[in-house]
Amino acid sequence: MTDLANRSLDRGITILESLARNGASSLADLHRDTGIAKSTIRRLLGTLIQHRLVRRSVADGLYRVTIPLPAGAGEPIPHEMASLTDVAMPRAVELTKKLEWPSDIHVLDGLCMRIVDSTRPLSPFHMYRGIINRRINMFGSATGMACLAVRTDEEIAEYDRLTAGNMSLGLSRFGFTLKQFMPEIEKARARGFGTRLGVYRGETMLDDGLAAIAVPINVYGQPNAAISMIWPRAFQEPKEFAKRHLAPLKEAAEIIADDLVRLFPRDAGTARRN
């Protein structure tokens with residue numbers, strides 16, 4: 001029994017090391033890299049997921065390690081992001097099943113938003129799936145706008161200062177000054193949700209053709225995450241789309257925040273990320 005337990009532990013560590021070394025992986029990837037039987041890998045992954053050492057993303061079905069390991073080349077999902085995603089995704093899935101439009105979960109990660117998972121594969125409407133863990137411009141994205149709109153003008157000015165001249169993360173990417181951008185923040189505050197900046201076309205080489213509305217996930221008063229709902233831009237204007245879908249989107253965000261406080265009272269997802 002001891003030898004069997006040790007062999008299982010050794011194989012579990014091998015899987016963690018493979019994920020840390022290679023990054024997001026499928027079951028087939030892990031089988032090729034480790035030589036462990038797929039049935040064994042599947043069983044061990046179930047245990048690792050149960051203990052929150054690994055998570056499987058809905059968006060692409062790949063497995064990702066949630067803890068840093070020695071000599072690991074792959075970037076782990078920070079613990080608080082993994083916790084938030086585990087709590088948020090069941091609610092996002094419910095929302096997509098009810099309304100059919102997909103949702104993304106983004107977190108504020110330093111000077112950008114970061115997509116941590118998405119229900120796009122579950123929607124009957126086929127859209128560009130996006131890339132998990134991709135950095136998103138906070139000033140252009142609907143989720144970034146949602147998080148910024150509930151912050152102070154001084155905080156927004158500080159984000160602008162820290163990203164000044166950055167053609168990927170800053171306002172200069174869109175040819176905006178802070179003075180030109182602030183009216184967009186006021187609009188978001190007035191309507192109660194974030195939308196994409198008019199000139200923002202996603203983080204793809206070509207225009208992704210999408211529109212989005214988003215609301216923050218406020219945990220302990222910290223708007224450091226957001227949930228969005230996405231649709232083809234040509235289908236409907238955000239104002240019209242929001243008339244039908246904003247209320248259930250806000251309800252989902254509130255339930256996610258409540259769940260985080262209840263289940264993770266000490267770290268509460270991204271509540272302490274600034």
Measure nothing but the geometry: give the 0 to 90° angle between the long axis through the Cα atoms of 238-263 and the longest principal axis through the Cα atoms of the chain, rounded to 10°. 40 degrees
Multiplying the sequence separation of Ala28 and Arg43 by 0.36 nm and subtracting their Cα-Cα distance, what value in nm do you get? 4.0 nm
Can you compute 3J(HN,Hα) from phi for each residue in region 160-174, using the Karplus curve 6.51 cos²θ - 1.76 cosθ + 1.60 with θ = phi - 60°, rounded to whole Hz and x for Gly and Pro? 5, 4, 6, 10, 4, x, 7, 6, 9, 9, x, 5, 4, 4, 9
Rank by packing, highest mean first: peptides 96-105, 35-44, 22-31, with packing defined as the count of other Cβ atoms within 10 Å averaged across residues. 96-105, 22-31, 35-44
What's the magnitude of the charge dipole for region 137-219 around its Cα centre, counting Lys and Arg as +1 and Asp and Glu as -1 at the beta-carbon? Answer in Debye, nearest 20. 160 debye
Which whole-number percent is the relative contact order of region 91-157 (Cα, under 8 Å, 6+ apart)? 26 percent
Unit charges on C-beta of K, R, D, E only; dipole of the chain, Debye: 440 debye
Highest-first arrangement of 83-91, 122-130, 249-257, 196-204, where packing means the average Cβ count within 10 Å: 83-91, 249-257, 196-204, 122-130
Under 26 Å between alpha carbons - lysine pairs in the chain that sit 8 or more apart or on different chains: 12
Would you mind getting me the FRET efficiency between Ile13 and Arg135? Use the beta-carbon distance for r and R0 = 35 Å, nearest 0.05. 0.70
Charges on Cβ only, +1 for Lys and Arg, -1 for Asp and Glu, centred on the Cα centroid of region 127-274; of Gly202, Phe176, Ser228, which one is farthest towards the dipole's positive end? Gly202
In square angstrom, what is the accessible area per residue of region 167-268 with a 1.4 angstrom probe? 50 Å²
Given a 1.4 angstrom probe, I'd like the percentage of the accessible area of the chain that is carbon and sulfur, rounded to a whole number. 53 percent
Semi-axis lengths (Å, descending) of the ellipsoid that matches the C-alpha gyration tensor of region 158-266: 25, 20, 13
Treating the angle as unsigned and between 0 and 90°, give the value, to the nearest 10°, between the Cα long axis of helix 79-99 and the longest Cα principal axis of the chain. 70 degrees
Given Cα pairs under 8 Å that are at least 6 residues apart, what percent is the relative contact order of the chain? 16 percent
If the label point is 7 Å along Cα→Cβ of Arg233, which residues in region 195-227 have backbone nitrogen under 12 Å from it? 196-204, 206-212
Rounded to the nearest whole Å³, what is the per residue volume of the convex hull around the Cα atoms of the chain? 145 Å³
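The values are calculated or read from the model by the stated rules, or taken from the named source; none is laboratory data. Note that the structure is a prediction, hence the values are computed from the model and not measured. As a convention, Cβ positions derive from the backbone with ideal geometry for all residues, glycine included, and neighbour counts pool all protein chains shown. Accessible surface is based on the protein model in full, side chains and every heavy atom, while ligands, DNA and RNA are left aside. Shrake-Rupley method; radii C 1.70, N 1.55, O 1.52, S 1.80 Å.
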